[in-house]
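Remarks on the structure that follows.
The values are calculated or read from the model by the stated rules, or taken from the named source; none is laboratory data. Note that the structure is predicted; figures quoted are calculated from it, not measured. All Cβ positions, glycine included, derive from the backbone under ideal geometry; neighbour counts span all protein chains shown. Ligands, DNA and RNA are excluded from the accessible area calculation, which covers all protein heavy atoms including side chains. Shrake-Rupley method; radii C 1.70, N 1.55, O 1.52, S 1.80 Å.
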Amino acid sequence: MKKNYTLVLTFLLFLGNITAQNFADITVWEANTKSGGKFIGIANDQYKAEIVIDELRFEYEGTKYELDMTNVNEASIHLRNDSNTVYDDFISEHPELEYKYISEIELIALQFMEDNSYDTGIKFYMNVSRVKSEAKAKQYLERLYSNYSKYLFNTQTPAMLVSYSE
């Protein structure tokens, strides 16, 4: 009996380690801009996220990128199988800070891709942007979608621990 108990306990611990390796607890933040776009970013904790948001608020005050509303969530994000950390999955425009700006047009196209189909999002993007090559639009939007959809569309999960809005 003791041997079976030890075997079951070992199996459960092993299964827990495998499951834990596929998820990362991070702070995901988003800041809507007055132009309709959105900055999204990740940080180790809420304090570091608020520092980046304050820097963006100062840098873009009075421009079309001026921040309108911010939201900070702690969430578990599923990692790709080939990545070691959530930072490997998140591709930032800034060498030290982890954030990305996505325009209103790109957000709408990504939402179409999430809700309907890739083709609908690509056609919308081509109709309202200067990009006329379907191959370039597809490549760009697929890269945006694969890199950021989990942050844009998956931050309100049951695993959310804390929500902070300003």
If Phe39 meets every condition in (1) modelled with pLDDT of 85 or more; (2) open to solvent by 50 Å² or more (accessible area, probe 1.4 Å) apart from one, which number is that one? (2)
Looking at segment 52-62, which of its residues are under 14 Å from Asn32 (Cβ atoms) and among the β-branched types (Val, Ile, Thr)? Ile53
Restrict the check to segment 111-126 and report whether at least one residue is charged (D, E, K, R), in a helix (DSSP H, G or I) and surrounded by 17 or more Cβ atoms within 10 Å (Cβ to Cβ). no
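Quick one: in segment 88-105, which of the residues that are touching a residue at least 40 places away in the same chain (Cβ under 8 Å) and of a type in the set (D, E, K, R) is most open to solvent (accessible area, probe 1.4 Å)?
Within segment 88-105, the subset touching a residue at least 40 places away in the same chain (Cβ under 8 Å) is 89-92, 97-104.
Cutting the leftovers down to of a type in the set (D, E, K, R) gives us 89, 98, 100, 104.
Working: Asp89: 3, Glu98: 48, Lys100: 29, Glu104: 91 Å².
Among those that are touching a residue at least 40 places away in the same chain (Cβ under 8 Å) and of a type in the set (D, E, K, R), it is Glu104.
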So Glu166, is it open to solvent by 70 Å² or more (accessible area, probe 1.4 Å), more than 24 Å from Asp88 (Cα to Cα) and at pLDDT 90 or above: no
Of everything in segment 48-79 that's at pLDDT 85 or above and under 15 Å from Phe90 (Cβ atoms), which residue is surrounded by the most Cβ atoms within 10 Å (Cβ to Cβ)? Ala49
